[in-house]
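Comments concern the structure below.
The values are calculated or read from the model by the stated rules, or taken from the named source; none is laboratory data. Model, not experiment: these values are computed from the prediction. No Cβ is skipped: glycine too gets one built from the backbone with ideal geometry, and neighbour counts run over all protein chains shown. These accessible areas exclude ligands, DNA and RNA; they are computed on the full protein's heavy atoms, side chains included. Shrake-Rupley method; radii C 1.70, N 1.55, O 1.52, S 1.80 Å.
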Amino acid sequence: MKRLLWPLYFVGAMFIAFLIYKQLPEYLQKGGMLVPLLIFLLILVTTFVIERTISLKKAQGRGSLSGFLTSVKKSLSAGDVDGAIDACRKQGGSAANVIRAGLERFKSAKADGLPKDKVITETQEAIEEANGLERPLLERNLIALSTIASIATMVGLLGTTIGMIRSFAALGTAGAVDATKLAVGISEALVNTAGGLICAIVGIVFYNVFSTKVDNFSYMIDEASFEAVQFLSTRTID
């Protein structure tokens, strides 16, 4: 279903971009037909920024992450694995999902009567598997942001080049220079340059912001998972 929605979204975004283009001041419309494309790219960037902001907020879970980790530690200190798993369910989010996967595997391995070292190995493997599933969800659409920023730069440069070609064509005519054509060419070049830079700057800034957040969040997940495993390996939990 989502695959079918994306083409509809692109068509809708292009239509909206064209409507915005028609509402722009005349001096911006002189940027030519590459301006709607730049607006379309800016709409895509805005959409991905909103989507990543919401997704990363959900990935943190319902409550304070530090409070959640403290709650899990207290439950494990008391030997209450079920309580820790319940805390993970209530918290939700990527960190809770990873820790819960490890705790559930730990519980099932203990129930199967496996040796302690085998139980810990099973727990670590479950955590690594869950972490491997959560990481792509955290990084989703980051490549799209980076790609759109690069494309916007190229589109802006293309518009600049086309505008300069028109300007030099006006200068190259015999007789008096056509000031109107010269001005239109320069205006097209500058409008496309500005549009490409704005879109690229927004895309690159938010790509770096989200990449930093994902890296920090992944580090917190790894640290919390490691502490949970250490907790389980150094204590006898029935």
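The figures follow:
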quantity	calculated
The stretch 108-135: number of residues that are open to solvent by 90 Å² or more (accessible area, probe 1.4 Å) and either aliphatic (A, V, I, L, M) or in contact with a His (Cβ under 6 Å, 6 or more places away or on another chain) (or both)	1
Residues of the stretch 90-113 that turn out to be touching a helix residue (DSSP H, G or I) at 6+ places or on another chain (Cβ under 7 Å) and without any contact (Cβ under 8 Å) to a residue 60 or more places away in the chain, as a count	10
Near pairs, Cβ below 6 angstrom, 6+ apart or cross-chain, from the stretch 44-62 (within 27 Å of Ser150 (Cα to Cα) and in contact (Cβ under 8 Å) with a residue 60 or more places away in the chain) to any residue that is of a type in the set (A, V, I, L, M, F, W, C) and crowded, with 19+ Cβ neighbours inside 10 Å	Leu44/Ile148; Val45/Ile148; Val45/Val202; Phe48/Leu145; Val49/Phe206; Arg52/Phe210
Selected residue (only one of Leu44, Leu65, Leu76 is within 30 Å of Ile165 (Cα to Cα) and not charged (D, E, K, R))	Leu44
Some residue of the stretch 140-148 being of a type in the set (A, V, I, L, M, F, W, C), over 19 Å from Asn216 (Cβ atoms) and not in a helix (DSSP H, G or I)	no
Scan of the stretch 147-170 for residues that are under 16 Å from Thr46 (Cβ atoms) and surrounded by fewer than 16 Cβ atoms within 10 Å (Cβ to Cβ), ordered by number	Thr147
Search result, residues across the stretch 69-83 that are without any contact (Cβ under 8 Å) to a residue 40 or more places away in the chain and in a helix (DSSP H, G or I)	Thr70, Ser71, Lys74, Ser75, Asp82, Gly83
